[in-house]
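Structure first, commentary second.
The values are calculated or read from the model by the stated rules, or taken from the named source; none is laboratory data. Just so it is clear, the model here is predicted, and its values are computed rather than measured. Here the Cβ positions follow ideal geometry from the backbone for every residue, glycine too, while neighbour counts run over all protein chains shown.
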Amino acid sequence: MPRMFPDREFLEMAPDKSHLITEDWITTGRTLLGVLGELTSRQARDVRVATIKQDPGSLNKDLLRSCNIYAGETSRYLGGTTDVRKN
């Protein structure tokens, strides 16, 4: 079973290490910006992001543009009609 770290412990391990952040769907990019900002300020060696899907508007932030994002093909959401987001 993987060990779970509180945020504080995880961030203390950040300097001079490579990190892979996994995100299921990048919509606004705000959550990711927070994590990337913390890792960058703690001088992480390398930060990469893997995601299944990202919305086109999520990359209008400079910090997101500067990191390595590996994204799956843009997919069409086939969820229920009560969703406010339309793809």
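Summary table
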quantity	calculated
3 or more residues modelled with pLDDT of 85 or more and touching a strand residue (DSSP E or B) at 6+ places or on another chain (Cβ under 8 Å): qualifying helices (runs of 4 or more DSSP H) within the chain	30-41
Looking only at the range 1-16, and only at residues there that are under 17 Å from the mean Cα position of the chain (by Cα) and surrounded by 11 or more Cβ atoms within 10 Å (Cβ to Cβ), the one that is nearest to Tyr70 (Cα to Cα)	Ala14
